[in-house]
Amino acid sequence: MQTTTTIEETRKLVKDWKRQGLTIGLVPTMGYLHEGHASLIARARKENDRVVVSVFVNPTQFGPNEDLEAYPRDFAHDCRLCEEQGADLVFHPEPEEMYQDACTYVNIRTLSDTLCGKSRPVHFSGVCTVVSKLFHIAAPDRAYFGEKDAQQLAIIKKMVKDLDFDLEVVGCPIIREADGLAKSSRNTYLNAQERQAALCLSRALQKGKALAKPGLDTKTLKNVIREEIEKEPLARIDYVETVDALTMQPVEAIDRPVLTAIAVYIGKTRLIDNFSYDPEVQA
Ligand code: AMP
C-alpha cells in the first residue's frame with residue numbers, strides 16, 4: 001500500500017493505473033477509521049482493481065463553532081486499517097495542498113436546505129467542494145459513501161448527476177455497535193455515561209421503524225421518535241424529520257420512499273442516525 005500527500009503524485013499513480021485499463025474505487029473519509037469505513041473499503045476492494053482511500057479532515061465543511069480542531073486523528077491507525085482492507089493508496093493531504101488560495105466552491109440547492117444543512121449552513125458546500133476535487137484527483141469509476149450520512153449520500157448522487165461526473169456513487173449500509181449505536185469517529189467524544197445515553201438515538205429509530213407503514217402521517221412517526229429521545233435527560237434534539245428520499249424535502253405522509261433522520265446532542269456531542277422506508281418494498 002502506498003501513501004501520498006500531494007495532488008501531483010496521486011494523479012501520477014492514478015493516470016498510470018488508468019493507462020493499464022484498471023478500474024478505481026474511491027472511499028473519501030476524514031480518518032479516525034472504524035468498521036463503518038472498513039465496510040466501504042472492503043466493498044470497494046471487491047468491485048475495483050485499485051482502491052484509493054482519502055484521509056482528510058476537510059476544514060471547509062466545518063462551521064466556525066464546530067469541532068474542526070478537536071476532530072480525532074490517528075493516521076498510523078488509519079493506515080493499518082486501510083492495509084488490512086486491501087487499499088492500494090491512502091491520499092492524506094494537508095489543507096494547504098487541497099485549498100491554497102481557492103475561491104471556487106460547489107454549492108447545491110434545496111437538498112442542502114433541510115436536516116443537517118439547516119443546522120450546519122456551510123457544511124454541504126464544503127462536502128461538495130472537497131468531494132468534487134477528490135473525484136478530479138482520483139478519477140474513480142466508483143465512489144463509496146455510507147448511508148449513515150444519508151443526506152450527504154443523496155446530495156453527492158445529485159451532484160454527480162447534475163455536474164455529469166462520469167462515475168457511479170455506491171451507498172453502503174450503516175454499521176453499528178453491538179448495542180445499536182451507529183459507529184462514528186465522534187463517538188470517541190462520549191464519556192461512559194454519555195455513551196449509554198447515546199443509545200436513545202437507535203432505540204427511538206427502532207420504535208419509529210416498527211410503526212412505519214404506507215400512508216402513515218409523519219407527525220405521528222416523528223412524535224414517537226421525539227418522545228423516546230426526550231426520556232433521556234442527557235439528550236437534546238437538534239431535529240427529527242421525515243423527508244422525501246430523493247429531494248430531502250419534508251413529507252406529511254409515507255406515500256413514497258422516505259428517509260427519517262435525526263440529529264441529537266448528547267452533552268456537547270452531536271450525533272446523527274436514520275432509517276429509510278420504501279412503502280412499495282417494505283410494506
Ligand atoms: P467520515 O470519515 O465520518 O467523513 O465518513 C467517511 C465515510 O464513511 C462517509 O461516507 C460515511 O457515511 C461513512 N461512514 C461513517 N460511519 C459509518 C457507519 N457507521 N456505517 C457506514 N458508513 C459509515
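The values are calculated or read from the model by the stated rules, or taken from the named source; none is laboratory data. For clarity, every value in this text was computed on a predicted model and none was experimentally measured. Quick reminder, even Gly has a Cβ in these numbers, built from the backbone with ideal geometry, and neighbours come from all protein chains shown. What goes into the accessible areas is simple: the full protein's heavy atoms, side chains included, and nothing from ligands, DNA or RNA. Shrake-Rupley method; radii C 1.70, N 1.55, O 1.52, S 1.80 Å.
Candidates Val131, Thr60, Phe75 compared by Cα position along the dipole of segment 43-150: farthest toward the positive end lies Val131, with charges placed on Cβ.
Panel note: the C-alpha atoms of segment 1-68, placed on their principal axes, show extents of 46, 28, 17 Å (largest first). Spin-label pair Thr220-Glu97: with each label point 7 Å from Cα along the Cα-Cβ axis, the two points sit 5.4 nm from one another. Does the chain come out rounded, prolate or oblate, given a ≥ b ≥ c as the square roots of the eigenvalues of its C-alpha gyration tensor, rounded meaning a/c under 1.5 and, failing that, prolate meaning a/b above b/c? In terms of gyration-tensor shape, prolate.
Spin-label model, Asp162/Glu230: points 7 Å from Cα along the beta carbon direction are separated by 3.5 nm.
Under 5 Å from the amide H of Gly146 lie the amide H atoms of Cys172, each residue being 5 or more positions distant or on a separate chain, with H modelled from the backbone and absent for Pro and chain starts. Counting only protein heavy atoms and using a 1.4 Å probe, the accessible area of Glu147 comes to about 80 Å².
Shown in residue order for segment 103-118 are the 3J(HN,Hα) couplings computed by the Karplus curve 6.51 cos²θ - 1.76 cosθ + 1.60 at θ = phi - 60°: 9, 10, 10, 9, 10, 10, 9, 6, 4, 9, 7, 10, 6, 5, x, 5 Hz (x for Gly and Pro).
Here segment 73-141 and segment 146-194 have alpha carbon centers that stand 13 Å from each other. For the set Phe275, Phe165, the ranking by accessible area, highest first and with no ligand, DNA or RNA atoms included, is Phe165, Phe275 under a 1.4 Å probe. With Kirkwood's inverse mean 1/r over C-alpha pairs for Rh, give me the Rg to Rh ratio of segment 194-261, two decimals please. Ratio value, two decimals: 0.99. Taken along the Cα-to-beta-carbon direction at a fixed 7 Å, the label points for Arg256 and Gln196 span 4.4 nm.
Please say if segment 106-183 is rounded, prolate or oblate, where rounded means a/c under 1.5 for a ≥ b ≥ c the square roots of the C-alpha gyration tensor eigenvalues, and otherwise the choice is prolate for a/b larger than b/c and oblate otherwise? Intermediate results must be reported in sequence, preceding the final value.
Working: a/c = 2.19, a/b = 1.24, b/c = 1.77.
Verdict is oblate for segment 106-183.
Karplus-derived 3J(HN,Hα) values for segment 70-76, using 6.51 cos²θ - 1.76 cosθ + 1.60 with θ = phi - 60°, are 7, 4, x, 9, 7, 5, 5 Hz; glycine and proline are entered as x.
From largest accessible area down, sort Glu97, Glu228; use a 1.4 Å probe on the protein chains.
On the way: Glu97 50, Glu228 15 Å².
Correct descending sequence by accessible area is Glu97, Glu228.
The antiparallel fraction among DSSP beta bridges confined to segment 119-258 stands at about 45%. All Cα-Cα separations within segment 159-219 were binned at 5 Å from zero, giving a P(r) of 4, 13, 17, 15, 11, 14, 15, 10, 2, 0, each value a whole percent of the pairs. Pairs with C-alpha atoms separated by more than 32 Å, drawn from the list Lys12/Lys268; Lys118/Lys231; Lys133/Lys213, are Lys12/Lys268; Lys133/Lys213.
Once you compute Rg and the Kirkwood Rh from C-alpha atoms, what is the Rg to Rh ratio for segment 53-147?
Working: Rg = 14.5 Å, Rh = 14.9 Å.
Computed over Cα atoms, the ratio is 0.97.
Computed from point charges on the beta carbon alone (+1 for Lys and Arg, -1 for Asp and Glu), the dipole magnitude for segment 162-283 about its Cα centre is near 740 Debye. The heavy atoms of Cys172 offer some 0 square angstrom of accessible surface to a 1.4 angstrom probe. Between the alpha-carbon centres of segment 1-68 and segment 247-271 there is a gap of 28 Å. Across Ala204, Ala143, Ala44, mean-square fluctuation computed from a Gaussian network of the chain (C-alpha pairs under 10 Å connected) peaks at Ala204. Which whole-number percent is the relative contact order of the chain (Cα, under 8 Å, 6+ apart)? Normalised by residue count, the contact order of the chain is 17 percent. In this structure Asp166 has an accessible area near 140 Å², from a 1.4 Å probe over the protein heavy atoms. Close amide H contacts of Met30 (hydrogens built in the peptide plane, cut-off under 5 Å, sequence separation of 5 or more or a different chain): Phe56.
What dipole magnitude, in Debye to the nearest 20, does the chain give about its Cα centre under +1 on Lys/Arg Cβ and -1 on Asp/Glu Cβ? All intermediate terms of the calculation are to be shown ahead of the outcome.
Details: 36 positive and 42 negative charges, 80 e Å.
For the chain, the charge dipole is close to 380 debye.
Of the beta bridges in the chain, as assigned by DSSP with both residues counted there, near 50 percent are antiparallel.
From the Cα gyration tensor of segment 137-283, with a ≥ b ≥ c the square roots of its eigenvalues, which class applies: rounded if a/c is under 1.5, or else prolate if a/b is larger than b/c, or else oblate?
On the way: a/c = 2.21, a/b = 1.25, b/c = 1.78.
Since a/c reaches 1.5 but b/c is at least a/b, the shape of segment 137-283 is classed as oblate.
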